[in-house]
Amino acid sequence: MKKIKKDLKNRKEEELQKIKKEEEDLGYNNVSIHLDIMESEEISLINEFLFSFLVAKFYTNNGNIIYIPNNIKIYVEVPNSFENYLKKFGILNVFEIKNIALGELPELELEEYIKQIFNRIIGKSTNKEIEEFIKENIDIKKCSYHQVKILLRFL
């Protein structure tokens, strides 16, 4: 019985080493995950997911296993509405919390290829010029910073 336990432990260690090597080979050094939690009545289910994902860094669903290495940063965006969702998601109080109101969104930091596209099409090439153009011409004033960046990547 001891031999079986030892063999299982060795196999587990080997698998973890393989995963770590794959992470290094794939260049997962600059990867982050952004979770956008929507308003929901399933608070206990969301809390269970957040605990698994943020604390255990391990999640399973329908036989799929997700392992999140420690070097990957995870950002969680919660609804900013009439209800205080930070109180409902108590697990988040363990982490650093930064509240970003709609009026306090950071300046867009766009990739160079996006700036080049805007420069060719409308003659705007700086982050500030492009951000002002978006606010004036596209009705997405209530979208989050990340939603705007994702939209611009699709252009």
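Just to be sure, is Glu132 farther than 29 Å from Phe53 by Cα and modelled with pLDDT of 80 or more?
Answer is yes for this residue.
Please enumerate the residues belonging to region 95-129 that are of a type in the set (Val, Ile, Thr) and at pLDDT 80 or above.
Ile114, Ile117, Ile121, Ile122, Thr126
Can you name the number of the only condition in (1) within 17 Å of the chain's Cα centre (by Cα); (2) modelled with pLDDT of 85 or more; (3) not small (Gly, Ala, Ser) that Glu48 fails?
(1)
The values are calculated or read from the model by the stated rules, or taken from the named source; none is laboratory data. Note that the structure is a prediction, hence the values are computed from the model and not measured.
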